[in-house]
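Asker: Take this structure, written in C-alpha cells, and hold onto it; I'll ask about it next.
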Amino acid sequence: MGGPPLLDQVTLGDHVCWSVDDDVIRMETIAGFVRTGLRNRERVLYCGDDPAAVVEGLRQRGVDTGAALGAGDLSVDTPEGSYLASGAFDPHATMLLWRSEVARARSAGYRGIRLLGDMSWASRRFPGFEHLPWYEAQINMIFAEGYVAGVCAYDRRRFDPLHLRRLLWAHPGAAGSEMPFDPDSSLRMRRVLDPWGLRLEGEADLSNRDALRAVAEHLFDDGPDVTIDVSELRFADIAAARVLVAAAASGAGRVRLTGCSPSLLRLLRFHGADGVPALVAEAR
Amino acid sequence: MTDGPLDHPGLLYRDSAGLLAAIVPFVRSAVEAGDPVLVAVPGHNLELLRPVLEGAAGHVDFADMTVTGRNPGRIIPGLLLRFVSAHPGKRVAIVGEPVWPGRTTVEYPACAAHEALINTVFANREASILCPYDTSLLAESAIADAWRTHPVMIDAGVRVPSPAYGDPIATAGDFNVPLPPPPADADVLSYERVPDMAAVRDFVRRHAATVLPDDRVEEMVLAAHELAANTVRHAAGPGRIAAWTEPGLFACQIEDAGHITDPLAGRVPPDPTLPSGRGLLLVNQICDLVRIHTGPTGTTIRTHLWAPGSGLSAPGSGGESSGRG
C-alpha cells in the first residue's frame, strides 16, 4: 500500500521542510517515509508529539513495528526526550544529538539515519524556540555529510505563516500536501572529499537561500581551499551567486567553482567576481 | 556654455554629411583635450564614422548601439556609467544614438525615458553626451521628444537652448505608458508564493526553448525568475506571467500589484552594500528590451530576447516602427 508520494525522493543528505495540514495524509506519508528507511538499511527515528500514536498508525499500515523497534531499526521519542532534552530548546545540544545518533547508527552497520522531526512542540513556544530558524540553517552542515535523510514536519495550522516562511527558507528542500519533494527544484548540498569541498545540485533560489548562506558561512571551517562542483546546479538566482562571491571575498579562504553554466558565469561577473582573486570560476 | 558639468545636446542631422560635420569636430576637440571618447551609434553610422575618426583623431572607443544598446534600459548602466568608471577623474565625451528609425513602437518609450534620465544620472558628472537624431527618417514626434529630453539642441549647426526641455524625471514619467496586452495566443501562468518560482522557471524554460539557443534560454529563465521573485517579495497578491513569440523575438510579460517608485530602478547600480535591489539591473543586462509601466495600481514589465533566425526579420528592421519608413 503506497501512501501519497510526498517524500519518496528524500535520500541521505536531504533536509526537507514538510508543511502539513491534513492528519490522514500526514500519517500515510510518515508510513511511506519509514518503510523506505527500513528497506534501505537506514535507522529510522521519529521525534515528536505522541510517538505511541505514530507507532500504532504505522502498525495499522502494515509496518512490523514490533520487529523494527525490537531490532533498533526504528525508534521513537518525544520532543522532551530529543529537541528539549535539556529542558529548553538548545540548538547546539540538538545538533550534537544528531551527530551522535549518526555515529551510533553507522557503527551498528546502518547507512545513516532517517529522521522525521515533528516540530509541533515549537508552536508551543518552549524556551529557546526562537533559535529554531538559526538551528534549521546551521544543521545543513550535518546534512551535507550525507548520513542523514531528514524531514521537519511543520503543521501549517499551528504556525504563524511568516514564521513558517522563515523556517522554510532554511531548508534546501520543501514538500507540502499537494507538492511532493522534488530533488530537481530543490538544492542538494553534499560534502566532497577529493577535491575537498561541496557539490551543489538542483536549484538555488529564495526558497533555500538561508540554507545556502549557512553552509557558505562554514565553508572554510576545515581548510582555506574549497572546490565547489556546480556542474549539476541547474539554476542559481542573483542572491545565490552573491552568496558564493561573498564567501570568496570574505578573505577566509579560496573558492574554486567547477562546471559553471554560462548564466552562472554572468551572475558571478555581475557581482564583481572578476575583482575577487580568491574566486576561480571554471566554465562547464 | 552649460550651467553644470554635464553637457547633453541633441544633434539634428539630415544626412551623412551633416552627421560627419558635427561629430568629427566634437570628437577631435575631445581627443585634443585628452578626454576619453566613446562613439556608440547604430551599425550603419559606425561604418560611416569609424574610418574617418580613426584616421583623424587619436584613440576612440566604438560600440554598435543596435547591439550594446539594443535594450535602452541597459545603455546608462552597461555603456555610459561603465565608460565613466573606466576613466576615473577624467571628463568623458560620448556620442550616443539610442533612437534610430528601426526602433519599434514598443521599444520607443524606453528610449525616450532613457534620454530624459541621462540628465538626472549624469547631472553632477563631468561629461559631454551628444545624441544624434536622423531628421530625414525619424518620426516628427521623436524629434519633438528630443527637444523635450535635451537641455540644448544643435540644429543646422547652431546650438540653442531647448524651450521644450523640462524636469527630466517628470519627462521620463510621461513615457511610463501602458503596454499593449499580450497576444491572445500567449500562454499565461499565475504565481504567488516562493514555492511557485520553480513552476515559473519551468514555464519560461519550456516556451523559450522553442525559439532560443540553450544559453539564452537559461538567461531568459534567470531574468523572468528575478522579475517574478520581485512580485513575491514586494507586491501584494499574485502575479501573472505571459510568454509568446513574435518574428525574431521571444517575449515575456509580467504583471503584478506592485509599484516601482524609483524612476532610476534598473538603470543605475544600487549601493553595493545593499543586499538586494539589483534584480532589474540584471534583467536590463540580459534582455534586449525591458519596458516598464508602473503605478499605484500595479506594474507591467515586458521583456524581449532577440531570437535570430526564428522569424522573418530581426526586431527593428521591419514591422511597426517609430520611423517614417
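The values are calculated or read from the model by the stated rules, or taken from the named source; none is laboratory data. Quick caveat: nothing in here was measured; it's all calculated off a predicted structure. With ideal geometry, Cβ positions are generated from the backbone for all residues, glycine too; neighbour counts draw on all protein chains shown.
Asker: Within the range B:67-79, how many residues are surrounded by fewer than 24 Cβ atoms within 10 Å (Cβ to Cβ) and out of contact with any Lys or Arg (no Cβ under 9 Å at 6 or more places or on another chain)?
Answerer: Residues meeting the conditions: 4.
Asker: Here is a follow-up. List the residue pairs whose Cβ atoms are under 6 Å apart, where the first residue sits in the range B:47-69 and is closer than 14 Å to B:R28 by Cβ, the second is surrounded by 13 or more Cβ atoms within 10 Å (Cβ to Cβ) and of a type outside the set (V, I, T), and the two are 6 or more positions apart or on different chains.
Answerer: Correct list of pairs: B:A57/B:R28; B:V60/B:L53.
Yes/no matrix, rows are residues, columns are (1) closer than 15 Å to A:R209 by Cα; (2) touching a residue at least 60 places away in the same chain (Cβ under 8 Å):
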position: A:R125; (1), (2): no, no
position: A:Q138; (1), (2): yes, yes
position: A:A149; (1), (2): no, yes
position: A:A153; (1), (2): no, yes
position: A:E178; (1), (2): no, no
position: A:S186; (1), (2): yes, yes
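Asker: Next question. For A:D77, which of the numbered conditions (1) touching a Lys or Arg at 6+ places or on another chain (Cβ under 7 Å); (2) at pLDDT 95 or above fails to hold?
Answerer: (1)
Asker: Shifting gears a bit: Please determine whether any residue of the range B:75-88 is at pLDDT below 95 and farther than 30 Å from B:P263 by Cα.
Answerer: No, the range B:75-88 contains no residue that is at pLDDT below 95 and farther than 30 Å from B:P263 by Cα.
Asker: Against the definition (on the phi > 0 side of the Ramachandran plot and modelled with pLDDT under 95), how does B:A156 come out, yes or no?
Answerer: In short, yes.
Asker: Checking the structure you have, find out if any residue of the range A:16-31 is more than 24 Å from A:R158 (Cβ to Cβ) and in the same structural domain as A:R156 (by TED's automatic domain parsing).
Answerer: no
Asker: Condition first: touching a Lys or Arg at 6+ places or on another chain (Cβ under 7 Å), modelled with pLDDT under 95, surrounded by fewer than 18 Cβ atoms within 10 Å (Cβ to Cβ) and assigned to a loop (DSSP other than H, G, I, E, B). Can you find one or more residues in the range B:14-36 that meet it?
Answerer: The answer is no, given that none of the residues of the range B:14-36 is touching a Lys or Arg at 6+ places or on another chain (Cβ under 7 Å), modelled with pLDDT under 95, surrounded by fewer than 18 Cβ atoms within 10 Å (Cβ to Cβ) and assigned to a loop (DSSP other than H, G, I, E, B).
Asker: When you scan the range A:175-196, how many residues do you find that are at the interface with chain B (Cβ under 10 Å from one of its Cβ atoms) and buried (at least 22 other Cβ atoms within 10 Å of the Cβ)?
Answerer: Selection size over the range A:175-196: 3.
Asker: Hey, among the residues in the range A:152-173 that are of a type in the set (A, V, I, L, M, F, W, C) and part of a loop (DSSP other than H, G, I, E, B), which one's nearest to the other protein chains (Cβ to nearest Cβ)?
Answerer: Looking at the filtered set, the residue picked out is A:A170.
Asker: How many residues are in a helix (DSSP H, G or I) and within 13 Å of another protein chain (Cβ to nearest Cβ) if we restrict to the range A:248-273?
Answerer: Here the count works out to 10.
Asker: Assuming B:H59 fulfils every condition listed in (1) touching a strand residue (DSSP E or B) at 6+ places or on another chain (Cβ under 8 Å); (2) part of a helix (DSSP H, G or I); (3) surrounded by fewer than 19 Cβ atoms within 10 Å (Cβ to Cβ) apart from one, which condition is it?
Answerer: (2)
Asker: Could I ask something else about it? Can B:I254 be described as away from chain A (no Cβ under 14 Å), part of a strand (DSSP E or B), crowded, with 16+ Cβ neighbours inside 10 Å and under 21 Å from the mean Cα position of the chain (by Cα)?
Answerer: yes
Asker: Of the residues that make up the range B:120-137, is at least one at pLDDT below 95 and on the phi > 0 side of the Ramachandran plot?
Answerer: No, there is no match, as no residue in the range B:120-137 is at pLDDT below 95 and on the phi > 0 side of the Ramachandran plot.
Asker: Condition (residue is in contact with a helix residue (DSSP H, G or I) (Cβ under 9 Å, 6 or more places away or on another chain), within 18 Å of B:L130 (Cβ to Cβ), part of a strand (DSSP E or B) and without any contact (Cβ under 8 Å) to a residue 40 or more places away in the chain) applied to the range B:74-84: is it met by at least one residue?
Answerer: Checking the range B:74-84: not a single residue is in contact with a helix residue (DSSP H, G or I) (Cβ under 9 Å, 6 or more places away or on another chain), within 18 Å of B:L130 (Cβ to Cβ), part of a strand (DSSP E or B) and without any contact (Cβ under 8 Å) to a residue 40 or more places away in the chain.
Asker: Take the residues in the range A:160-170 that are under 15 Å from B:R193 (Cβ atoms) and out of contact with any Pro (no Cβ under 9 Å at 6 or more places or on another chain), then tell me which one is surrounded by the fewest Cβ atoms within 10 Å (Cβ to Cβ).
Answerer: A:L162
Asker: If you don't mind, there's one more thing I want to ask. Which one is surrounded by the most Cβ atoms within 10 Å (Cβ to Cβ) among residues in the range A:46-66 that are out of contact with any strand residue (DSSP E or B) (no Cβ under 9 Å at 6 or more places or on another chain) and in a helix (DSSP H, G or I)?
Answerer: In this case the residue turns out to be A:G57.
Asker: Turning to a different aspect of this structure: Which of the residues belonging to the range B:1-27 are closer than 16 Å to B:I154 by Cβ and not hydrophobic (A, V, I, L, M, F, W, C)?
Answerer: Matches in the range B:1-27: B:T2, B:D7, B:H8, B:P9, B:G10, B:Y13, B:R14, B:D15, B:G18, B:P25.
Asker: Which one is farthest from A:V102 (Cα to Cα), of the residues in the range A:6-41 that are polar (S, T, N, Q) and touching a residue at least 40 places away in the same chain (Cβ under 8 Å)?
Answerer: The extreme case among them is A:S19.
Asker: Does the range A:206-221 contain any residue that is touching a Pro at 6+ places or on another chain (Cβ under 9 Å), within 14 Å of another protein chain (Cβ to nearest Cβ), crowded, with 23+ Cβ neighbours inside 10 Å and not in a helix (DSSP H, G or I)?
Answerer: Within the range A:206-221, one or more residues are touching a Pro at 6+ places or on another chain (Cβ under 9 Å), within 14 Å of another protein chain (Cβ to nearest Cβ), crowded, with 23+ Cβ neighbours inside 10 Å and not in a helix (DSSP H, G or I).
Asker: Give the residue that is nearest to A:M27 (Cα to Cα), with candidates limited to residues of the range A:188-205 that are touching a Pro at 6+ places or on another chain (Cβ under 8 Å) and without any contact (Cβ under 8 Å) to a residue 40 or more places away in the chain.
Answerer: Checking each candidate, the answer is A:G202.
Yes or no, residue by residue, for (1) surrounded by 14 or more Cβ atoms within 10 Å (Cβ to Cβ); (2) part of a helix (DSSP H, G or I):
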residue	(1), (2)
A:L84	yes, no
A:H92	no, yes
A:M95	yes, yes
A:W98	yes, yes
A:G146	yes, no
A:G150	yes, no
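Asker: Against the definition (more than 14 Å from every other protein chain (Cβ to nearest Cβ) and of a type in the set (K, R)), how does A:R199 come out, yes or no?
Answerer: yes
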